[in-house]
1. I need the GluC sites (Glu not before Pro) found in the stretch 41-74, filtered to DSSP loop residues with at most 12 other beta carbons within 10 Å of theirs.
2. Which far-off residues, 5 or more places away or on another chain, put their amide H under 5 Å from the one on residue 112, with H placed in the peptide plane?
3. Give me a comma-separated list of calculated 3J(HN,Hα) values for the stretch 81-93, in order, Karplus coefficients 6.51, -1.76, 1.60 applied at θ = phi - 60°, integers in Hz, x for any Gly or Pro.
4. Distance from a point 7 Å along Cα→Cβ of residue 64 to each backbone N in the stretch 84-120: keep the residues under 19 Å and list them by number.
5. Can you compute 3J(HN,Hα) from phi for each residue in the stretch 96-107, using the Karplus curve 6.51 cos²θ - 1.76 cosθ + 1.60 with θ = phi - 60°, rounded to whole Hz and x for Gly and Pro?
6. I need the phi-derived Karplus couplings for the stretch 64-69: 6.51 cos²θ - 1.76 cosθ + 1.60, θ = phi - 60°, integer Hz, Gly and Pro marked x.
Amino acid sequence: MSDEQNQTPEEAVVETTPEVAQEAPVPTTKPSKLVGMNELQAGQTVRLHERIKDVSPKGEERERIQVFEGIILALGGKGISRTITVYKMSDGIGVEKIYPINSPVVAKIELMKTAKVRQAKLGFLKKTKLGFKRKLKETYTELGMEKKKK
């Protein structure tokens, strides 16, 4: 009988495992779109960088980034299909946009400030005729403080 026949199956496994452990790939972390925050919540003021594709009069296609800054009214969905509803006042007109967070259209989301709110959906902020009488208690982040100084 040779040495190979005398080995038990356990010994054969023990001999091959050190080689496999050395060849294991190192896990890579995906860079997050969210800058300066761990989680999105209603009441946060964010600056959302949106990729826009334009066609020039000459017919050339170009890509640019446009910033949309507003307050988060609501979060919808779960997992990869999660959406964010952002609202801002522009020249006395309310503008509300809904973005899928994991969309390639969204380049980056920066947190500017956080307001203390007690509801998950802030639809009452949209009612401009009635108006929201009370000022929200806000705390600024580092990015928000830089903009406030300017």
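Bear in mind that the values in this text are calculations on the coordinates, not laboratory data. Since this is a predicted model, take the numbers as computed values, not measurements. Every residue, glycine among them, receives a Cβ derived from its backbone with ideal geometry; neighbour counts consider all protein chains shown.
1. Loop-located and lightly packed - 60.
2. Under 5 Å from the amide H of residue 112: 45, 46, 47.
3. 8, 5, 10, 10, 9, 10, 10, 8, 9, 10, 6, x, 10
4. Zone members listed by number: 105-108.
5. Result, ordered by residue: 10, 10, 10, 10, x, 5, 8, 6, x, 5, 7, 7 Hz.
6. 9, 10, 10, 9, 10, 10
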